[in-house]
Every structure is written in structure tokens, then in C-alpha cells.
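Written out below as C-alpha cells is the structure these notes cover.
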Amino acid sequence: MAGRIKVGDVYQIPLPDGRHAFVQYLQWSEQLGYLIRVFDRISGSELESVGELSSAGELFPPVFAGLKGAVKTGRWKKVGTLPVPPFRFPLFRCTSATKPGTYENWWLWEGGPQRFIGKLPSEMRALEVEVVWGYEMLEERIATGHNLFADVV
């Protein structure tokens, strides 16, 4: 079992095609757990240094993930630690909807109280959904680019 998970830790994620992705633990949320960012760096080779990721952007905005399970099983391996750059807690959208479709009961969340907005404006459809990604589902999203929550509007 890996050691304690700390803010700034960077993990290597195996992808189905043999390549690797990399994530960093950004912040803890009492509501949803581990907020991570996924680096825009997918590679077929090992990193020479975790510092190589410092200049990489993000593949998509930060999301919540089942980091503890992925680390505990050894599936995601710690490759180092980087300072967490200053960032603003992301804005998430949430609804009680469970299937693709159009809904009019949307809420926005930035780590504090949720704010009801009703119908989701088109400019907010790209916001991440307030959900904890299971590590296998997140691996699939990274590998394929398919966000299974994108169709819920």
C-alpha cells in the first residue's frame, strides 16, 4: 500500500493502450473528497522527472476522483510531488438528472453553498458535473476523450 496521500502528489495512471497519464492532487473537499487535475501529457514512456509536468496544461478542468482506491490498490503510482499552483476552486454544475436529456433543475457549486439556477445556459454546458469519478471511468475518459456526463444538459 502506498503512503499517505498529500496535496501536490503526482500519480501515473495506466491507460488501456499501454500509455500513461498523470494527475495531481489539488485539494480536499469535505463534500466530494479528492480534487485532482489531469495533465495534458499522455506518454508511452516513463517520466525522467516529475518536473516535466510543470509546463503541461490540463486535459480538462479539475474533477473529483476516487484517488484513495486507485492508490491503495497500486493502480495509480506516485511519481513525485509538485507545488500546487494558485487556482480558484472550479465551478461545477449539478442536477438530479440521471440520463441524457434537457433538465431545468440545475445548481452551481464552487465548494460552498449550492446556488439554484434552473435552466442551464448554453455557456455553462461545458462545466464539469459535480460528481466523483471512479478511477476506471476516469482512465477511460482520459484515453478516449469521452465525457459520459457531457450529454446531460
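Each reported figure results from applying straightforward, stated rules to the coordinates on display, with no laboratory input. Here the structure is a predicted model, which is why all the values come from computation and not from measurement. Counting neighbours? That spans all protein chains shown, and the Cβs are built from the backbone with ideal geometry, glycine included.
Given 4 °C and 1.567 mPa s, how large is the Stokes-Einstein diffusion coefficient of region 42-128 in µm²/s, with Rh as the Kirkwood radius over Cα pairs?
Details: Rh = 16.3 Å.
Roughly 79 µm²/s, to the nearest whole number.
Pull out the extension gain between ASP17 and VAL84, defined as 0.36 nm times the separation in residues minus the alpha carbon to alpha carbon distance; nm, one decimal. Kindly include the intermediate steps, with their values, before the conclusion.
Values: separation 67, 0.36 × 67 = 24.12 nm, distance 2.89 nm.
So the chain would gain 21.2 nm between ASP17 and VAL84.
Counting only pairs 8 or more residues apart or on different chains, how many lysine pairs in the chain have their Cα atoms under 12 Å apart? Each step should come with its number before you reach the end.
Numbers: LYS6/LYS68; LYS6/LYS78; LYS68/LYS77; LYS68/LYS78.
Counting lysine pairs in the chain gives 4.
Can you pull out the trypsin sites (Lys or Arg not before Pro) in region 77-132 whose DSSP state is coil and whose Cβ has at most 14 other Cβ atoms within 10 Å? Spell out each step's value before the answer.
On the way: sites: LYS77, LYS78, ARG88, ARG93, ARG115, LYS119, ARG125; in loops: ARG88, LYS119, ARG125.
Answer in residue order: ARG88, LYS119, ARG125.
As an exercise, identify the GluC sites (Glu not before Pro) in region 58-153 lying in DSSP coil whose Cβ has no more than 13 other Cβ atoms within 10 Å. Intermediate results must be reported in sequence, preceding the final value.
Details: sites: GLU58, GLU104, GLU110, GLU123, GLU128, GLU130, GLU136, GLU139, GLU140; in loops: GLU104, GLU110, GLU130.
Taking region 58-153 and a limit of 13 other Cβ atoms within 10 Å, the loop GluC sites (Glu not before Pro) found are GLU104, GLU110.
Could you work out Rg/(2.2 N^0.38 Å) for region 20-65, with Rg from alpha carbons only?
Details: Rg = 11.6 Å, N = 46, 2.2 N^0.38 = 9.4 Å.
After normalising by residue count via 2.2 N^0.38 Å, the value is 1.23.
Could you size up the charge dipole of the chain around its Cα centre, putting +1 on the beta carbon of Lys and Arg and -1 on that of Asp and Glu, and report it in debye to the nearest 20? Write down the numbers at each step before the final one.
Values: 17 positive and 17 negative charges, 75 e Å.
The calculated dipole for the chain is roughly 360 debye.
Return an integer: the convex hull volume of the alpha-carbon atoms of the chain, in Å³ per residue.
Details: hull volume 17.9 nm³, N = 153.
So the per-residue Cα hull volume is 117 Å³.
What list of whole percents do you get for P(r) of region 1-88, with Cα-Cα distances grouped in 10 Å bins up to the one holding the largest distance?
All Cα pairs, binned at 10 Å, distribute as 17, 55, 26, 2 percent.
In degrees between 0 and 90, to the nearest 10, how far off the longest principal axis of the chain does helix 135-144 point, with axes built from Cα atoms?
Tilt of helix 135-144: around 90 degrees.
By the scheme Lys and Arg +1, Asp and Glu -1, what is the net charge of all other residues having a beta-carbon under 13 Å from that of LYS68?
Details: positive: ARG4, LYS6, LYS72, ARG75, LYS78; negative: ASP9.
Residues close to LYS68 contribute a combined charge of +4.
To one decimal place, what Kirkwood hydrodynamic radius in Å is obtained for region 92-148 from all pairs of distinct Cα atoms?
Values: mean 1/r = 0.0799 Å⁻¹.
For region 92-148, the Kirkwood estimate is 12.5 Å.
Less than 15 Å Cβ to Cβ from LEU148, Lys/Arg counted +1 and Asp/Glu -1: what total charge do the surrounding residues give?
On the way: positive: ARG93, LYS99, ARG125, ARG141; negative: GLU128, GLU130, GLU136, GLU139, GLU140, ASP151.
Here the charged neighbours net out to -2.
Report, by chain and number, residues whose modeled amide H sits under 5 Å from the one on LEU148, excluding near sequence neighbours (fewer than 5 apart, same chain).
Correct list: empty.
Taking neighbour Cβ counts within 10 Å as the exposure measure, how do SER54, SER96, SER43 sort from fewest upward?
Numbers: SER54 11, SER96 8, SER43 14.
Lowest count first: SER96, SER54, SER43.
State, as an integer percentage, the relative contact order of region 77-153 based on alpha-carbon contacts under 8 Å between residues 6 or more apart.
Details: 83 pairs, mean separation 23.6, N = 77.
About 31 percent, as a whole number.
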